[in-house]
Every structure is written in C-alpha cells, then in structure tokens.
Amino acid sequence: MAVVTDTEQGHHARPRGWSRWLAATNHKDIGTLYLWFSFTMFLTGGVMALGIRAELFQPGLQFWQPDLFNQLTTLHGLIMVFGAIMPAFTGMANWLLPLMIGAPDMAFARMNNWSFWLLPPAALLLIVSFAVPGGAASAGWTLYAPLSTQMGMGMDLTIFAIHIMGISSIMGSINIIVTILNLRAPGMTLMKMPMFAWASLITAYLIIAVMPVLAGVVTMVLTDRHFGTHFFNAAGGGDPVLYQHVFWFFGHPEVYIMALPAFGIVSHILPTFARKPLFGYASMVYATSSIALLSFMVWAHHMFTTGMPATAQLFFMYATMLIAVPTGVKVFNWIATLWQGSISFETPMLFAIGFVCLFTVGGLSGVTLSVAAVDIQLQDSYYVVAHFHYVLVAGALFSLFAAVYYWFPKMSGRMYSERLGKLHFWWSLVWFNVTFFPMHFLGLAGMPRRIPDYALQFTSFNEIASVGAFCFGLGQLIFLYNILWSLRRGDPAPAKPWEGADTLEWQLPSPAPYHSFVEAPELEVGENGAIRGMKGGVHH
Amino acid sequence: MRADTRRSANLALLKKLALIALLMFGFAWGLIPIYRVICEVTGINQLQRADAVGKAARGAAAAEVLLTFDATVQAGLPWQVRPLTGQLRARPGEFVKVEYEIVNAGAREVVGQAIPRYLPAAAGEYVKKLDCFCFKQQAFAPGERRRFPVVFFVDPALPEAVREITLSYTVFDVPGKGA
Ligand SMILES: [Cu+2]
C-alpha cells in the first residue's frame, strides 16, 4: 500500500471547453462522462422499450414488423446492459473510489480516458446497425447460435461493438483493481474500506474473468459467419448448445456484475439514513465474495430445456439455490441495519429501501425459476422478463438513482430538489410495479417473450404493462429536470449534507476539489470506511 | 513510497490483470475441446458414432414399437431426402434396416451432413444405431442419387410408456465444402 507523497498532477490549470472532456484524465471528469453517457444510453434503450410496449399494447401488428420488433428487443437488452448499467457503475466507481479511499486519482489516468472514449463509438455501431441491410441484430441480447451465425451485417456490427465495450470494461476494471489495491491512504485497510469499494473490487475481478469469455464466444460466431469454422454449426460437427454453455459462463457472472455494485451503494445509504453502522460488515464482505465465486458454477440454469441429463439439472438447480444464502445474508443485514435506527426518508433512502424490497421480489422469483421442473415450464416466458426486470430496474437502476441523489451534493456542490426527488421515487415505484408485476401473471399464463403479437387472453395485462411503461418512462424526465435544474439553481451543499454519513468523501468540501488528496491523509478508520480521525491530505 | 516505485507497482499489477484477461479469452476457446471431451466421456451428445451392441440386443420380448421415419432439408438447399419406408413396427431388441434416398437436385457439387432427431427426445438414447449415413459427411455430384441404409435396434430398456418413436433427419449443407 502506498503513501502518496508526490504531486505529479498538481498545479497545472484545469483545461477548458472540449479538450477538457476529450482529453480528460481527471477521475471526476471521467466519472461525469460515464454517468452522462450511461444516462443517454438509458434514454435510448428506454425509447426502444417503449417501442416494444407500444406494439404489445394490443394483439396483432400495429407499429413494427416482427423483424424490427426483434431488433428492438435485442438492442434494448444490449444497450441497457452494456451501455447503461455497466458504464453507470464504472462512472460511480471513477467518481467515488479515489475520494473514499484517499487516492489522488485512478491509477492509470490516461488508460481511464481510453476506457471511456471507446464507449461512444461502440454505442454508435449498435445504433447505426438499424440502418444497414437486414437491420440490427435480432437474435435477442444473448445472440444465440444458430440465429446469430445467420443474420445480416447488423450482427457483425453488434459483435464489433461487444468487442469494443468488452475492452473498455476490462480496462476500466484493471484501473479499479489497481486503484483499490495500491492507492489506499494509510489506515484504510482492506477489511475497513467502504462496501462500495469492496463491491467495485469484486465486480472488477468478475469483469476481467468473464468479459474475455464473451469476447471469445462472439469471435467464434464471427468466424463461423465468415471464415468457414463450425463451432456452432451442427453440419460441420459443431453444436449450437455449446454456444449457450460458453455464453452463460459469461452471462451468469454478468448478472452479478450488474448487482454487486448496487449492493455496495445500498450498504452506504441505509446506514447513513438509519444513523447506525452497517450491520455485519465482515459478513457483507464474505457474502459478496461468495456470491461472486458461486456465480461461476450455476450457468446452466439458463439451459434446463436443452436436454441436459437430470443429474446436471439437479446440480445446477441446487447450486443456484445456494446463492440465495449469501444474498439472504445481505438482505438480513440491511434489515438489521434499519432495525431501531433513527430513520429519515430523504430521496436516496427511499430508493435504497425500494431497492431492498423490490430486489428481494426479483430474488424470490429467481429462486422460483431455479427449480428445474418449474423453469422448464416458464423458460422464455414473461415470468422470466418480470424476474430480471425486478433485479435490473428496481435493483440496479434504483440503486443508481439512489447513488446519484446521495452523492450529487458532493459531485456538484449543490443540493438537488428533495420535492422533485421524492416525486421521482414514488412515480417510478408505482409505475415500475404497474409495468412489471403483471408480467408474472402473463408468464404463468404462458405468454412467450420476444414476440410482437400474442393470443387475445393476454390483452388486458399487456395493456396495463404498456400504460405503466409509458408513465415510468415519462417519470424519468423528472429526474433529468431535477438534475439540470439543481446543477444551476440548487442550494449550495455543505461538506456533509447527510447527518449519518461517515465515509471519507464527506470529509472533503462540496463540490469535491478538482485535485483531491494530492497528498494522502493519515486515517483512522472504522468498519465500512467510517472515518474516526484524519490528519493531512492536500487538495487543489 | 516514492512516485516511481508506486508507478512500477501499479504497472506490475496491471500486467498481471491483463494476463488474467488474456488467459480467460484463451479459456473461452479451451471450453470447446473441454465440452467435446465431456460429451465424449459421458456419452451425452453422441450423434455421429455407432452405438455398442452389448447384451442389449438380446431379450426381445416387450410389445412392439411403432417407428416413423422422416427427413427435412435445411432451407434453400438442393437436396431431396426421403425415407423409403414411412412407418414400421418392431420389437425392442430386433434389428431394423430402413433405407433413405438422397438426391442432389442442384447443378453443383454439394457436401451434406445429416443430424438425427428423435421424438420423444428422451427416446433418443434407446435407439441404438449400428450404421447410418449420418455418421459422416456425404459428397454428391450434380444430379447424383444414392440410397443409404440405416441399421438400428430399439433398446429393450425402453420405458413401457413409450410405444411410438419418430426418427427424423435434417440434412445441413457443410459450408466451405463442395463447389
Ligand atoms: Cu443465471
């Protein structure tokens, strides 16, 4: 661990205008870029979702041909996963990690610039692919062979985009790991550092372990498409099921790449607004690690209908259920943190509590799906769609909203509008459930996912879901307005706007100085990064 | 610690992590042979190999099974594939021989590979094939017409409840082969 005594990025002036962003190396600038990029992608993917819900408002074909509909579902998934959620967490990590652990910046500032600026071209490739002959990829975000080995050049563009985003996220993860392992200020030991740092560290390892596997498998698709290989071509001795095995070896850990940072964020916000330390800090660290390890052993629970031997089904079923144990530990710890706390309900807290409740709903439907016999019935139905939107929208997305509201004063130096924030929360909470809860019923009744048309008996629940989706989407403009308004007009924020906040970033003035901890402070730290004493630490 | 020591510690860790990423990329490719070996050893996905006869062939006693034969061709290919026998009844354990006729109706040489499929799928492991044109790729000159035997028996261990089995072949083009 390093005592940082140099001031290599010290005194030069802050660059202005375009070059400040294009050549950005400051972790705060890059974090801001990541966050705005992911919000743009969130709106883009959201518009696609509304396209899907518009078509599904009524049975029959109203707006899109089935092919375009499939392109919309595919790109909605890809953009939300790789363009919105993952970069948003990386952006949060960029902004917050150096402040939380007392580092001057991320370890590799120039590489950090590259990891961000690879993303917009990749996103552009995905969006442009709608305009090429044959349209965008329409095999679903999982890009299953043999569909993906057959489609037009939209699939090639998608594969390139995945390569680029993969490289970006791997570089971002290397930066996060090196920063956390090598740049912590004296006193900030691993078993004391804040949960968000722990979650980011473990997530970064997951990304380094599985993004290359995704890159590998889509490369095989590419060579099958253009270079005469037969990895997934039955005629050439290959096997389409093999694609699923390799893809889900990436795919299940990916689920936790999108969930663990959310766990970290919530583990900051609940203690702050309950004005109590996080319950069971050490068990939180171990639970997060064991979730990450177990996530490598459960991939085939996505493949119960591929004709696996019963023994394999049982293994993957029990292994999957096992993950509910560490996840349950976390939920228990969060509830215990709230227990007898003196709780106040500011917007970040509302989103965090909404997260705990709704993520648990999604977790429970996940346990339901882990039962092989049940999954065979529900595979590819709307029940699955409901399940993963509970963990990704009410899980990952709600945690991100919570994080933006919670750290907005530190990032911008201004307070957001509490009134609009609360409106945004209650609006999102209600319409989220109106959108996605009926999908459980649709799935149980047998409605398959990824279809533009459906049997008449599914109409009313689909109408409810579509109305919910449009209202939910509209509500996100409240968030955008709140952020834009508060950036200019919000009340000036004190250094520590939340009474119960005790991690290192709240020791800095608001907004955080452009060059913070140029000299590392000497820290006395309690569990979950609580600062008991601090000496030194120089900012510019 | 001074700036250059810190820098080199960071770079050393960067190299290790980049190596992990590269190894995992290699691992993805390594999964292909690994899965192949697993399928081989456990016999999970044994489509293109003759089954062992063993003792199973004897002990023909159970009630007859209705066998249906079928074939499809991957869309856009010039093959015509049809079974010469549509249906027959056979006792489990009894050897059955049927013939398929395959025609290359196109004007170019083609190489195809037939993949068997069973209905119900669970019956697949009880159909023991001794000879099949699906065991290897087949090359056809333009207009060529050939007949192929399929020799198999139904394992007497077939569950009582299954008394009808459909054996269907899909013929795929092998890309990069043929002219
Ligand atoms: Cu999974």
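The values are calculated or read from the model by the stated rules, or taken from the named source; none is laboratory data. Keep in mind it's a predicted model, so treat the numbers as computed, not measured. Every residue, glycine as well, gets a Cβ built from its backbone with ideal geometry; the counts of neighbours run over all protein chains shown.
Details
- Qualifying residue in the range A:530-538 (condition: basic (Lys, Arg) and in a strand (DSSP E or B)): yes
- A single entry from A:250, A:232, A:227 fulfils the requirement of being closer than 16 Å to residue B:30 by Cα, more than 7 Å from chain B (Cβ to nearest Cβ) and either free of Cβ contacts under 8 Å to residues at least 12 places away in the same chain or within 16 Å of the ligand (Cβ to nearest atom) (or both): A:250.
- Unique residue being within 19 Å of residue A:237 (Cβ to Cβ), at pLDDT 80 or above and more than 11 Å from chain A (Cβ to nearest Cβ) when the list is B:95, B:152, B:69, B:133: B:133
- Scanning the range A:511-520 for residues that are surrounded by fewer than 22 Cβ atoms within 10 Å (Cβ to Cβ) and not charged (D, E, K, R) returns A:511, A:513, A:514, A:515, A:518.
- The listed residue being more than 14 Å from chain A (Cβ to nearest Cβ) and within 28 Å of residue A:229 (Cα to Cα), out of B:144, B:164: B:144
- Qualifying residue in the range A:182-204 (condition: facing chain B (nearest Cβ under 9 Å) and buried (at least 24 other Cβ atoms within 10 Å of the Cβ)): yes
- Looking across the range A:42-67 at every residue that is in contact with a Pro (Cβ under 7 Å, 6 or more places away or on another chain) and not charged (D, E, K, R), the one that is surrounded by the most Cβ atoms within 10 Å (Cβ to Cβ) is identified as A:64.
- Flag if residue A:395 is surrounded by fewer than 21 Cβ atoms within 10 Å (Cβ to Cβ) and modelled with pLDDT under 95: no
- Meets criteria (surrounded by 23 or more Cβ atoms within 10 Å (Cβ to Cβ), within 16 Å of the ligand (Cβ to nearest atom) and more than 22 Å from the chain's Cα centre (by Cα)) for residue A:243: yes
- Within the range A:357-381, residues that are within 22 Å of residue A:310 (Cβ to Cβ) have Cβ atoms under 7 Å from residues that are surrounded by fewer than 16 Cβ atoms within 10 Å (Cβ to Cβ) and polar (S, T, N, Q) in these pairs: A:374/A:368; A:376/A:305; A:379/A:305, counting only partners at least 6 apart in sequence or on another chain.
- Taking the range A:287-318 as the range and being within 15 Å of the ligand (Cβ to nearest atom), among the hydroxyl-bearing types (Ser, Thr, Tyr) and within 14 Å of chain B (Cβ to nearest Cβ) as the test, the residues that pass are A:305, A:306.
- Residues in the range B:98-130 that are within 14 Å of another protein chain (Cβ to nearest Cβ) and farther than 18 Å from residue B:168 by Cα: B:110, B:111.
- Out of A:355, A:332, A:345, sole residue that is at negative phi and either surrounded by 19 or more Cβ atoms within 10 Å (Cβ to Cβ) or within 15 Å of the ligand (Cβ to nearest atom) (or both): A:355
- Qualifying residue in the range A:179-198 (condition: within 16 Å of the ligand (Cβ to nearest atom), touching a residue at least 40 places away in the same chain (Cβ under 8 Å) and either part of a helix (DSSP H, G or I) or farther than 25 Å from residue A:111 by Cα (or both)): no
- Residue A:222 on the phi < 0 side of the Ramachandran plot, more than 9 Å from chain B (Cβ to nearest Cβ), over 19 Å from the mean Cα position of the chain (by Cα) and surrounded by fewer than 23 Cβ atoms within 10 Å (Cβ to Cβ): yes
- Taking the conditions (1) closer than 18 Å to residue B:93 by Cα; (2) without any contact (Cβ under 8 Å) to a residue 24 or more places away in the chain in turn, residue B:163 satisfies each one other than (2).
- Among residues of the range A:1-38, those that are assigned to a loop (DSSP other than H, G, I, E, B), among the small types (Gly, Ala, Ser) and at pLDDT 80 or above, counted: 2
- Residue that is nearest to the ligand (Cβ to nearest atom) [pool: residues in the range A:262-286 that are among the aromatic types (Phe, Trp, Tyr) and crowded, with 19+ Cβ neighbours inside 10 Å]: A:263
- Scanning the range A:205-214 for residues that are of a type in the set (Val, Ile, Thr) and over 23 Å from residue A:267 (Cα atoms), we see that the one that is farthest from the other protein chains (Cβ to nearest Cβ) is A:210.
- Residues of the range A:287-318 satisfying the condition of being within 22 Å of residue A:195 (Cβ to Cβ) and free of Cβ contacts under 8 Å to residues at least 12 places away in the same chain: A:293
- Checking every residue in the range A:462-480 against the condition of being assigned to a loop (DSSP other than H, G, I, E, B), charged (D, E, K, R) and either over 17 Å from residue A:417 (Cα atoms) or touching a helix residue (DSSP H, G or I) at 6+ places or on another chain (Cβ under 9 Å) (or both) gives zero matches.
- Checking residue A:217 against (1) within 11 Å of chain B (Cβ to nearest Cβ); (2) touching a residue at least 60 places away in the same chain (Cβ under 8 Å), the condition it does not meet: (2)
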